[in-house]
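Working notes, structure below.
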Amino acid sequence: MLNTVPVSHAQLLQFADRIALDDGEQQLSYHELALQVSILSAWLVASPYQRIAISGDNSIAWVIADLALAQANKIAIPVPVFFSAQQQQFMLAEAGVELLLQTQATEQSQPTVIDGLWAKRLNPVEHHAASMPISSGKITFTSGTTSTPKGVCLSWQQQAATCDGLQQALAEQFSAAPQLHYCLLPLATLLENVAGVYLPLRLGQRVLMLSAAKTGLAGSSGLDLPTFIASLLQYRPASLILTPQLLQALLLICRQHPELSRTFRFIAVGGAHCAKALLTQAAALKLPIFQGYGLSEAGSVVALNLPQQQRQNSAGKPLPHVAVRVRQQHIEVNGQLFSGYLGEMPRDPEAWLDTGDLGYLDEDGYLVIQGRSKHLLISSYGRNISPEWLEAELQSCPAIAQAMVLGDAKPWLSVVLTLRANASKQTLQQQLSQLNTQLPDYARLRTVLVINTPFTQANQQLTANGRLRRQPIIEQYQTAIEQLYQQQPDPLIPTIMAVAAKEELTYEFF
């Protein structure tokens, strides 16, 4: 019989006396967690609201709210903390949210029946709310392939199936005494929500969820290294879920504190392509790194390397809840997938989904990822970003004539651009700084390459209809682009580098 919720009441009570959740100040046993979820679930069932959002920092109350929404069969809409205020307002309106659960009290919010959780009634405009499949249980919003985030509708049963696949794969690894999993990523991130909360709770683990102030992780990509180090040394977790950029930070930490390497049992790396060099460095430090691959439409996990089944430079073998095939290099998935996109028709549950990724299955069934079939950028922090969106935003800067945004597998975004006549570099910096204040942190442009030669059809950098030909531009300025990522840029004020001419790669910083 299929599980209908990611973590059931009975599953929690299997480990009644163990510690389930720990926020550094308060601990909740599995028995206490089950009770709190039941209390809040009953409160939610008695309410007239169906579409309910959860907003706030990582906390025990956030997890209780999420589990209770599943138990009450309501529609949960996690609000990413790294979204801009405009994006958050858009998603709340698009999903027709009627009630907002918050982990901090705000104006007009009222206490709920759970400590640390407040509720605020919203008034959705009916004709603005998008339609959704009838089976929707959770709407997870991507970080925005455009300026407006896209809602992926998942049923509670689909999320349970993802957990079933993960549990089947990892039960042996965590079947001994309970270990500590450190929830570093924001809980609104589906990967951490499913693999960092649901899975550890099913396996009887202790889940640590510190506030961002205690983890050092700010927004989607900022990391205060001393704070992160202090938390690792204090709690010494057995497992983590990291993006490639956070893995890079962990490698630096473990070189300084080699004793930490011995405390980890399982570190999953996903969210974006992980460079081979990082994996090699991790192996040298004896870190148990296991690369995986997934997408929101498949509940966040499709394939994963395992201790007993791994192959370097692959994303592992597909998990039981999905099937994978490759057609003309395009990776397609089938099985327990999403119900459809918010505002669109429900998807055919029998249809194969083209993931937009390129790769192949090797002779032993390991999935190897080779890149994206579209221009979507995925930062090394795992944020999906459309360069076309930001290139359109850059048109609001009068100093800019042409612009191409780049930053795939990089920690921040850069832009290659040409200036309009008589525009000064100082004016450009002012305009870009102003634009950055209006963008979510993962989409800010932190380093800039100013070139003197426009993109044209004649130099093969524009198509016949005026679209950018990205690869020729990247190849032309590859050396200069590499120099951009040798900087330590300010979060808001871009570092500008000028190249005198395409044949003469001399750099001037200002």
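Restricting the range 257-280 to residues that are small (Gly, Ala, Ser) and in contact (Cβ under 8 Å) with a residue 60 or more places away in the chain leaves a set whose member that is nearest to GLN234 (Cα to Cα) is ALA268. Against the condition modelled with pLDDT under 95 and open to solvent by less than 10 Å² (accessible area, probe 1.4 Å), how does PRO80 come out, does it pass? Yes: the conditions hold for PRO80. Filter the range 86-107 for residues that are of a type in the set (S, T, N, Q) and closer than 29 Å to ASP22 by Cα; which is surrounded by the most Cβ atoms within 10 Å (Cβ to Cβ)? Once the filter is applied, the top-ranked residue is GLN102.
Hey, among ALA188, ALA161, ALA213, which residue is open to solvent by 20 Å² or more (accessible area, probe 1.4 Å) and of a type in the set (A, V, I, L, M, F, W, C)? Explain how you work it out, then say what you get.
On the way: ALA188 fails: open to solvent by 20 Å² or more (accessible area, probe 1.4 Å); ALA161 fails: open to solvent by 20 Å² or more (accessible area, probe 1.4 Å).
Among ALA188, ALA161, ALA213, only ALA213 is open to solvent by 20 Å² or more (accessible area, probe 1.4 Å) and of a type in the set (A, V, I, L, M, F, W, C).
Every test in (1) part of a loop (DSSP other than H, G, I, E, B); (2) out of contact with any Gly (no Cβ under 9 Å at 6 or more places or on another chain) is passed by PRO320 save one, and that test is (2).
From the residues in the range 42-58 that are among the polar types (S, T, N, Q) and open to solvent by less than 60 Å² (accessible area, probe 1.4 Å), which one is farthest from the chain's Cα centre (by Cα)? Among residues in the range 42-58 that are among the polar types (S, T, N, Q) and open to solvent by less than 60 Å² (accessible area, probe 1.4 Å), the one farthest from the chain's Cα centre (by Cα) is SER47.
In this structure, does LEU240 turn out to be over 22 Å from ARG444 (Cα atoms), in a loop (DSSP other than H, G, I, E, B) and open to solvent by less than 40 Å² (accessible area, probe 1.4 Å)? The answer is no for LEU240.
A quick yes/no check of all residues on (1) in contact with a strand residue (DSSP E or B) (Cβ under 6 Å, 6 or more places away or on another chain); (2) at pLDDT 90 or above:
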| site | (1), (2) |
| --- | --- |
| HIS273 | no, no |
| GLN291 | yes, yes |
| LEU304 | yes, yes |
| ALA315 | yes, yes |
| PRO320 | no, yes |
| GLN329 | yes, no |
| GLN336 | no, yes |
| GLU350 | no, yes |
| LEU353 | yes, yes |
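Just one of the numbered conditions (1) touching a Lys or Arg at 6+ places or on another chain (Cβ under 7 Å); (2) modelled with pLDDT of 95 or more; (3) over 25 Å from VAL45 (Cα atoms) is not true of SER143: (2).
Would you point out the residue of the range 1-41, among those that are among the hydroxyl-bearing types (Ser, Thr, Tyr) and over 22 Å from THR103 (Cα atoms), that is surrounded by the fewest Cβ atoms within 10 Å (Cβ to Cβ)? Step through it out loud before you land on a result.
Looking only at the range 1-41, we keep the residues that are among the hydroxyl-bearing types (Ser, Thr, Tyr), and these are 4, 8, 29-30, 38, 41.
So of that shortlist, the ones also over 22 Å from THR103 (Cα atoms) come out as 4, 8.
On the way: THR4: 15, SER8: 18.
Among residues in the range 1-41 that are among the hydroxyl-bearing types (Ser, Thr, Tyr) and over 22 Å from THR103 (Cα atoms), the one surrounded by the fewest Cβ atoms within 10 Å (Cβ to Cβ) is THR4.
Among the residues of the range 310-324, which ones are of a type in the set (A, V, I, L, M) and surrounded by fewer than 16 Cβ atoms within 10 Å (Cβ to Cβ)? Please lay out each step first, then the result.
If we filter the range 310-324 for residues that are of a type in the set (A, V, I, L, M), which is where we start, we get 315, 319, 322-324.
Selection gives ALA323 alone.
Annotation: SER136 fulfils all but one of (1) buried (at least 23 other Cβ atoms within 10 Å of the Cβ); (2) polar (S, T, N, Q); (3) more than 24 Å from GLN157 (Cα to Cα); the unmet one is (3). Tell me whether the range 224-233 contains one or more residues that are in contact with a Pro (Cβ under 9 Å, 6 or more places away or on another chain), open to solvent by 10 Å² or more (accessible area, probe 1.4 Å), within 22 Å of ILE289 (Cβ to Cβ) and at pLDDT below 95. Checked against the condition, which is being in contact with a Pro (Cβ under 9 Å, 6 or more places away or on another chain), open to solvent by 10 Å² or more (accessible area, probe 1.4 Å), within 22 Å of ILE289 (Cβ to Cβ) and at pLDDT below 95, the range 224-233 yields no hits at all. Here the strands (runs of 3 or more DSSP E) wholly within the range 441-510 that include at least 2 residues being modelled with pLDDT under 85 are 495-501, 504-509. Which residues, taken from the range 1-41, are more than 28 Å from the chain's Cα centre (by Cα) and without any contact (Cβ under 8 Å) to a residue 24 or more places away in the chain? Across the range 1-41, the qualifying residues are MET1, ALA10, LEU13, ALA16, ASP17, SER29, HIS31, GLU32, LEU35.
Note on the range 417-432: among residues that are out of contact with any Pro (no Cβ under 7 Å at 6 or more places or on another chain) and of a type in the set (Ser, Thr, Tyr), the one that is surrounded by the most Cβ atoms within 10 Å (Cβ to Cβ) is THR427.
If we keep just the residues of the range 243-256 that are without any contact (Cβ under 8 Å) to a residue 40 or more places away in the chain and over 14 Å from ALA230 (Cα atoms), which is least open to solvent (accessible area, probe 1.4 Å)? Reasoning before the result, please.
To start, the set of residues in the range 243-256 that are without any contact (Cβ under 8 Å) to a residue 40 or more places away in the chain comprises 249-256.
From the residues that got through so far, the ones that are over 14 Å from ALA230 (Cα atoms) too are 251, 255.
Numbers: LEU251: 1, ARG255: 124 Å².
So the residue we want is LEU251.
In the set GLU363, GLU332, only one residue is among the charged types (D, E, K, R), over 22 Å from ALA409 (Cβ atoms) and in contact with an Asp or Glu (Cβ under 7 Å, 6 or more places away or on another chain); that residue is GLU332.
If you check LEU233 against the conditions, is it more than 30 Å from GLN104 (Cα to Cα), part of a helix (DSSP H, G or I) and not polar (S, T, N, Q)? Considered against the rule, which asks whether it is more than 30 Å from GLN104 (Cα to Cα), part of a helix (DSSP H, G or I) and not polar (S, T, N, Q), LEU233 comes out as no.
For the range 319-358, a residue qualifies if it is among the β-branched types (Val, Ile, Thr) and under 21 Å from ILE139 (Cα atoms), and the qualifying residues are VAL322, VAL333, THR355.
Looking at the range 257-266, can you tell me whether even one residue there is acidic (Asp, Glu) and surrounded by fewer than 21 Cβ atoms within 10 Å (Cβ to Cβ)? Lay out the reasoning, then the answer.
Taking the range 257-266 as the starting set, the residues that turn out to be acidic (Asp, Glu) are 259.
In the following step, the residues that additionally are surrounded by fewer than 21 Cβ atoms within 10 Å (Cβ to Cβ) were identified as 259.
Yes; the residues of the range 257-266 include at least one that is acidic (Asp, Glu) and surrounded by fewer than 21 Cβ atoms within 10 Å (Cβ to Cβ).
Scanning the range 87-105 for residues that are free of Cβ contacts under 8 Å to residues at least 40 places away in the same chain and not in a loop (DSSP other than H, G, I, E, B) yields a count of 4.
The values are calculated or read from the model by the stated rules, or taken from the named source; none is laboratory data. Quantities reported herein were computed from a predicted structural model and do not represent experimental measurements. As a convention, Cβ positions derive from the backbone with ideal geometry for all residues, glycine included, and neighbour counts pool all protein chains shown. SASA here: full protein model, heavy atoms, side chains in, ligands and nucleic acids out. Shrake-Rupley method; radii C 1.70, N 1.55, O 1.52, S 1.80 Å.
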